[in-house]
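The values are calculated or read from the model by the stated rules, or taken from the named source; none is laboratory data. Computed from a predicted model, the values in this text were never measured in an experiment. All Cβ positions, glycine included, derive from the backbone under ideal geometry; neighbour counts span all protein chains shown.
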């Protein structure tokens, strides 16, 4: 596996790409609902109407597929972060925009956040198969990039005196740790509505970073 | 499996109990270091010097053993919480005592917190084998009891005007979510020392619940 193209032939053909997305969607749904451990790779094949052998054309294993899902989740989170922050030069306004955006999630995105919250510990464990290991390293690097992006925004807010001085990297981990914990227990049809969770946790994230409510007028 | 005694014969004999503790210690170490998924049940047997068949005298499966570890972790956390809170009638003092105590952890306890942080999602997935399912329900109930204990203390602090009014149950989840997230990335030999983490996260937990620094004189 010397190149990304060689490793991911599915990306080169549109029809292949559509089937690949279908597999990712089916896997995300099962991992979120039944747990990664309880999900059988063969069930995902059945969901999307391909044989287990054909499935291996797209992913080397269930774990490979999981790493790709986690990588896409981190990649999307990074893109959203940049979009939300893009227009705002005031770090206080940017912080509010990024936090509000983080709770503006579709049911599909909630599924993926749930998989990320439940399984991201697997990113710490090296894998032997080359495709798995490559996908793991990619997903881990992207997750760390999200940490750094958050730490950079928080450091900027500290420099501008918008929030009190502190360890921006630890604070980024605290913010992301608090956010990720929500998806461990949140259920779309549970008794606590997403709007209430968004309101509560946005407010508490501001408390955590010590951003004064009057900072945004 | 109609009774706990019947399910856990190891508890009735001291020698059996010692071996059982050894198995739990070995499993916790491997789960924390290599991840639950990558750990082979047979390796744990080798660690403690028993055959794989003898291992089944103590635990029905690797997953059964994991649930017992998670249950003991939650049970210890509950006992520590009660001990830390015990002497203090002032909720502000009690909150400080409980948070300080939560960071007063041994390397063995850190291992267990890491396993809890990484694998507690498995508590949500029902199991078919009776011993596994019974252990899962026990561990889940105990984890929930910890949520309730935290929510009760926070509600008391709200009633007394020590912290602002809010949803005590969501706030308990926020506090525990923030705390549990630490053990996902903390490494005993990493670059961030535990004393610094304890100081930073104790302080930020107080910010999260909006306990004013001057509340404890």
Open item on the list: Among the residues in the range A:131-139, are any under 23 Å from residue A:82 (Cα atoms), part of a helix (DSSP H, G or I) and within 13 Å of chain B (Cβ to nearest Cβ)?
Closed with: no
- [ ] Tell me, please, whether a residue that is over 20 Å from the mean Cα position of the chain (by Cα) and at pLDDT below 95 can be found in the range B:166-174.
- [x] no
TODO: Evaluate the range A:87-104: report whether one residue or more is within 14 Å of another protein chain (Cβ to nearest Cβ), farther than 30 Å from residue A:211 by Cβ and modelled with pLDDT of 95 or more.
DONE: no
Task: Test: residue B:192 is over 21 Å from the mean Cα position of the chain (by Cα), within 12 Å of another protein chain (Cβ to nearest Cβ) and not in a helix (DSSP H, G or I) - done: yes
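Go through the residues of the range B:141-149 one by one and say whether even a single one is touching a helix residue (DSSP H, G or I) at 6+ places or on another chain (Cβ under 7 Å), facing chain A (nearest Cβ under 10 Å) and either within 30 Å of residue A:32 (Cβ to Cβ) or assigned to a helix (DSSP H, G or I) (or both). Give the steps one after another, and end with the answer.
Our first condition is that a residue be touching a helix residue (DSSP H, G or I) at 6+ places or on another chain (Cβ under 7 Å); within the range B:141-149, this holds for B:142-143, B:145-147, B:149.
Applying the additional criterion that residues be facing chain A (nearest Cβ under 10 Å) yields B:147.
Going one step further and asking which of them are either within 30 Å of residue A:32 (Cβ to Cβ) or assigned to a helix (DSSP H, G or I) (or both), we end up with B:147.
Yes: the range B:141-149 contains one or more residues that are touching a helix residue (DSSP H, G or I) at 6+ places or on another chain (Cβ under 7 Å), facing chain A (nearest Cβ under 10 Å) and either within 30 Å of residue A:32 (Cβ to Cβ) or assigned to a helix (DSSP H, G or I) (or both).
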- [ ] Go through the residues of the range B:152-159 one by one and say whether even a single one is in a helix (DSSP H, G or I) and modelled with pLDDT under 95.
- [x] no
- [ ] Determine, yes or no, whether residue B:72 is modelled with pLDDT of 95 or more, over 29 Å from residue A:116 (Cβ atoms) and surrounded by fewer than 21 Cβ atoms within 10 Å (Cβ to Cβ).
- [x] no
Open item on the list: Condition first: within 14 Å of another protein chain (Cβ to nearest Cβ) and touching a residue at least 60 places away in the same chain (Cβ under 8 Å). Can you find one or more residues in the range B:152-159 that meet it?
Closed with: no
- [ ] Name every residue in the range A:121-139 that is in contact (Cβ under 8 Å) with a residue 40 or more places away in the chain, out of contact with any helix residue (DSSP H, G or I) (no Cβ under 6 Å at 6 or more places or on another chain) and under 23 Å from residue B:177 (Cβ atoms), in order of residue number.
- [x] A:122
Open item on the list: Condition first: more than 9 Å from chain A (Cβ to nearest Cβ) and either buried (at least 17 other Cβ atoms within 10 Å of the Cβ) or under 16 Å from residue B:116 (Cβ atoms) (or both). Now tell me which residues in the range B:162-178 satisfy that.
Closed with: B:162, B:163, B:168, B:172, B:175
Task: Unique match (being facing chain A (nearest Cβ under 7 Å), in contact with a helix residue (DSSP H, G or I) (Cβ under 8 Å, 6 or more places away or on another chain) and farther than 21 Å from residue A:193 by Cα) among B:202, B:181 - done: B:181
Open item on the list: Can you say whether residue B:107 is more than 21 Å from residue A:181 (Cα to Cα), away from every other protein chain (no Cβ under 14 Å), touching a residue at least 60 places away in the same chain (Cβ under 8 Å) and crowded, with 20+ Cβ neighbours inside 10 Å, as far as the supplied structure shows?
Closed with: no
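State which residue is farthest from residue B:194 (Cα to Cα) when the search covers only the range A:205-217 and only residues that are more than 7 Å from every other protein chain (Cβ to nearest Cβ) and assigned to a loop (DSSP other than H, G, I, E, B).
Checking each candidate, the answer is A:217.
Residue by residue, here is whether (1) assigned to a helix (DSSP H, G or I); (2) free of Cβ contacts under 8 Å to residues at least 40 places away in the same chain; (3) crowded, with 19+ Cβ neighbours inside 10 Å holds:
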residue: B:25; (1), (2), (3): yes, no, no
residue: B:50; (1), (2), (3): no, yes, no
residue: B:88; (1), (2), (3): no, yes, no
residue: B:101; (1), (2), (3): yes, yes, no
residue: B:111; (1), (2), (3): yes, no, yes
residue: B:116; (1), (2), (3): yes, no, yes
